[in-house]
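Trainee: Sharing a structure with you now.
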Amino acid sequence: MMLDLDNQAQYILASFDKQSEKTKNEYRVRLNASIDVARYLLKEGLPFRGHDESETFTRRGNFLDLLKWYADRKEDVKKVLENAPQNDIMFCPNVQKDIVNCCAKETLKAVVEDLNGDYFGILVDESKDVFHKEQMILVLRYVNKEGRLIERFLSVVHVKDTSARSLKDAICSLLLEHNLSSSHIRGQGYDGASTMQGEFNGLKILIMKDTPSAYSVHCFAHQLQLTLVAVAKKHHEEAD
């Protein structure tokens, strides 16, 4: 008994600690592999899921196929993926969504840090999604520390309606959520809809009442689209 007491390595707690550390390391390997694959797909703008993700299907989707390719070239990753418990595989759809959400938060954090509390312009548009719910898209336009003109997507949010007041409230709320002040807006870019460009109650007027220096410019891409549509209507050969 004295000899057993001196041999600390035989303690059941020591055995549990070793097993626990091994489990943690394997968990990190699986998680890091999933994060690496997700970051690549996000960077390239590729979809994650496949039409059929069952093990018998040849094409299981970009995420699972790329993860398998990744594991085939890294023996340590392949080993822990093959021996992973079914409740801790770290590549199920919910885990993929969690990783994407974390990446989105880190990306937005990097954008705000790059802006560095300076002035910026906003580009806003609205449309309906596939469920016919109104949504608003907000893009930031600013000059970074190196003097380069940068445009960065900030967010897409659902709005109760597309009135100018609702859009303004959504913009201010979104900027506040990311610690950005609407008083730093120095430019606005919208399409030609009356909701946006109205001279009395349009979105540009509502924002300029709070920030007079937030000059509005009619989106050049929308102007070009209107021009092309007008030309096509008068020249049938171009319309075809």
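Trainee: Express as a percent, rounded to the nearest 5, the fraction of DSSP beta bridges in region 85-240 (both residues included) that run antiparallel.
Mentor: 70
Trainee: Roughly speaking, what is the centre-to-centre gap between region 17-73 and region 164-240 when only Cα atoms are used, to the nearest Å?
Mentor: Going from one Cα centre to the other spans 41 Å.
Trainee: Something else now. Pick the calculated percent of Cα pairs over 24 Å apart for this structure from (i) 41; (ii) 56; (iii) 64?
Mentor: (iii)
Trainee: So, with +1 on the Cβ of K and R and -1 on the Cβ of D and E, and no other charges, what is the size of the charge dipole of the chain about its Cα centre, to the nearest 20 debye?
Mentor: 380
Trainee: Considering amide H positions built from the backbone, and no H for Pro or chain starts, which residues 5 or more places from S216, or on another chain, come under 5 Å of its amide H?
Mentor: Long-range HN contacts for S216: Q188.
Trainee: Here's something else I'd like to know. Would you calculate, for the chain, the mean residue ellipticity at 222 nm contributed by helices, counting each DSSP H stretch of 4 or more residues as -39,500 (n - 2.57) and dividing by all residues, to the nearest 500?
Mentor: After summing the helix terms and dividing by the residues of the chain, the value is -16500 deg cm²/dmol.
Trainee: Sticking with this structure for a sec: Suppose every K and R has +1 on its Cβ and every D and E has -1 on its Cβ; what is the size of the dipole of region 33-75 about the Cα centre, in Debye to the nearest 20?
Mentor: Taking the Cα centre of region 33-75 as origin, the dipole is about 140 debye.
Trainee: What number comes out for accessible area per residue over region 117-208 if the probe is 1.4 Å? Units Å², please.
Mentor: Heavy-atom accessible area per residue stands at 55 Å².
Trainee: What lysines sit close enough to K109 to cross-link, taking a C-alpha to C-alpha distance under 30 Å and skipping anything fewer than 8 places away on the same chain?
Mentor: K24, K43, K97, K128, K133, K145, K160, K168, K204, K209
Trainee: Among Y190, S213, S155, pick out the residue whose Cα is farthest towards the positive end of the charge dipole of the chain, where Lys and Arg carry +1 and Asp and Glu carry -1 on C-beta, about the Cα centre.
Mentor: Value computed over the given set: S213.
Trainee: Follow-up. Pairs of Cα atoms under 8 Å, at least six residues apart: use those to get the relative contact order of region 114-157, whole percent.
Mentor: This gives 35 percent for region 114-157.
Trainee: If packing is taken as the average count of other Cβ atoms within 10 Å, what order do 78-84, 183-189, 128-134 fall into, highest mean first?
Mentor: 183-189, 78-84, 128-134
Trainee: Using alpha-carbon pairs under 8 Å, 6+ residues apart, how would you state the relative contact order of the chain in percent?
Mentor: Relative contact order for the chain comes out at 11 percent.
Trainee: To continue, here is another question. Please report the carbon-and-sulfur percent of the accessible area for the chain; probe 1.4 Å, protein heavy atoms only, DNA, RNA and ligands left out.
Mentor: 55
Trainee: Under a point-charge model restricted to the Cβ atoms of Lys and Arg (+1) and Asp and Glu (-1), what is the dipole moment magnitude of region 116-173 relative to its Cα centre, in debye to the nearest 20?
Mentor: For this selection, approximately 80 debye.
The values are calculated or read from the model by the stated rules, or taken from the named source; none is laboratory data. Bear in mind the structure is a predicted one, so any value in this text is a computation, not a measurement. Positions of Cβ are generated from backbone atoms using ideal geometry, with glycine treated the same way; all protein chains shown enter the neighbour counts. We work out accessible area using only protein heavy atoms, side chains counted, and drop any ligands, DNA or RNA first. Shrake-Rupley method; radii C 1.70, N 1.55, O 1.52, S 1.80 Å.
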